[in-house]
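The values are calculated or read from the model by the stated rules, or taken from the named source; none is laboratory data. Not measured: the values here are computed from a predicted model. All Cβ positions, glycine included, derive from the backbone under ideal geometry; neighbour counts span all protein chains shown.
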Ligand SMILES: C[S@@+](CC[C@H](N)C(=O)[O-])C[C@H]1O[C@@H](n2cnc3c(N)ncnc32)[C@H](O)[C@@H]1O
């Protein structure tokens, strides 16, 4: 969520980080829960028979998919620990199949819908991935996803000399890429959200507990300065605030 790290955008490292904090994810992922609820309203009226969920995590969005009368559901994540947490929490039906691995590289069988909640910001090449995902969706099938936009944690990214592999793309750019990949954008939405934390350190810790902290934390001296600078900008009577830009898309395969 911080400064874009162009080199060493290591997907294995991302998977390892999510695995490390999988057990604390649900407690801190309040925003992802909200996103899952809103993304569920983007589900097509006629439930697709075969669904692939990318980056299922601990199942915050999977539960909405499983509430529908689907015939087959593939659930994917790069982090084995996130999948383990999901399996402990949700009793997976016999028509579900777990696919562990990097969705940017995996080959999938064709489905009626691909869904992903709060995942695409972790992709190294989202524009290319959209084209690949299009080839795994049947004609007139759908792609629905949510992600974070460029205003997300803007204050923190402005002042923090930290790096992260997260890519924050604007809604209009996503729409352009979705169309270029062979889809028609059916619905899109942008929401601004503010969250409050008792102090800057608790904000940073919370990011860490959902596996979204910068890949390289900084020295104690720089961290102290960062906390001071962030308090100067974002401290309110309710604690420090953080701004989030939430993006939602639903698209139909044009073929
Ligand atoms: C912010 S979490 C969202 C999890 C879940 N979708 C939710 O709504 O809570 C991002 C998830 O994407 C997974 N992920 C990140 N990059 C991935 C990739 N290249 N392929 C598959 N999963 C990936 C992470 O392991 C993590 O579980």
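Does residue 178 satisfy the criteria of being in a loop (DSSP other than H, G, I, E, B), crowded, with 18+ Cβ neighbours inside 10 Å and modelled with pLDDT of 95 or more?
Answer is no for this residue.
Scan segment 91-104 residue by residue and report those that are part of a loop (DSSP other than H, G, I, E, B), within 12 Å of the ligand (Cβ to nearest atom) and without any contact (Cβ under 8 Å) to a residue 40 or more places away in the chain.
Within segment 91-104, the first condition is being part of a loop (DSSP other than H, G, I, E, B), and the residues that meet it are 91-95, 101-104.
Retained after the next criterion (residues that are within 12 Å of the ligand (Cβ to nearest atom)): 101-104.
Within segment 91-104, 101 is the sole residue that qualifies.
Restricting attention to segment 63-84, which residues are crowded, with 19+ Cβ neighbours inside 10 Å, more than 9 Å from the ligand (Cβ to nearest atom) and under 19 Å from residue 19 (Cβ atoms)?
75
Does residue 249 satisfy being touching a residue at least 12 places away in the same chain (Cβ under 8 Å), closer than 20 Å to residue 118 by Cβ and more than 19 Å from the chain's Cα centre (by Cα)?
Taking the combined requirement at face value, the residue does not satisfy it.
Among (1) part of a helix (DSSP H, G or I); (2) touching a helix residue (DSSP H, G or I) at 6+ places or on another chain (Cβ under 9 Å); (3) at pLDDT 95 or above; (4) crowded, with 17+ Cβ neighbours inside 10 Å, there is one condition residue 60 misses while meeting the rest; what is its number?
Unmet condition: (1).
Condition check: within 15 Å of the ligand (Cβ to nearest atom) and either modelled with pLDDT of 95 or more or on the phi < 0 side of the Ramachandran plot (or both). Does residue 123 satisfy that? It would help to see each step written out before you state the result.
Numbers: within 15 Å of the ligand (Cβ to nearest atom): yes; either modelled with pLDDT of 95 or more or on the phi < 0 side of the Ramachandran plot (or both): yes.
Judged against the criteria, residue 123 is a match.
Looking at the structure I just gave you, is residue 24 more than 9 Å from the ligand (Cβ to nearest atom) and free of Cβ contacts under 8 Å to residues at least 24 places away in the same chain? First the steps, then the outcome.
On the way: more than 9 Å from the ligand (Cβ to nearest atom): yes; free of Cβ contacts under 8 Å to residues at least 24 places away in the same chain: no.
Considered against the rule, which asks whether it is more than 9 Å from the ligand (Cβ to nearest atom) and free of Cβ contacts under 8 Å to residues at least 24 places away in the same chain, residue 24 comes out as no.
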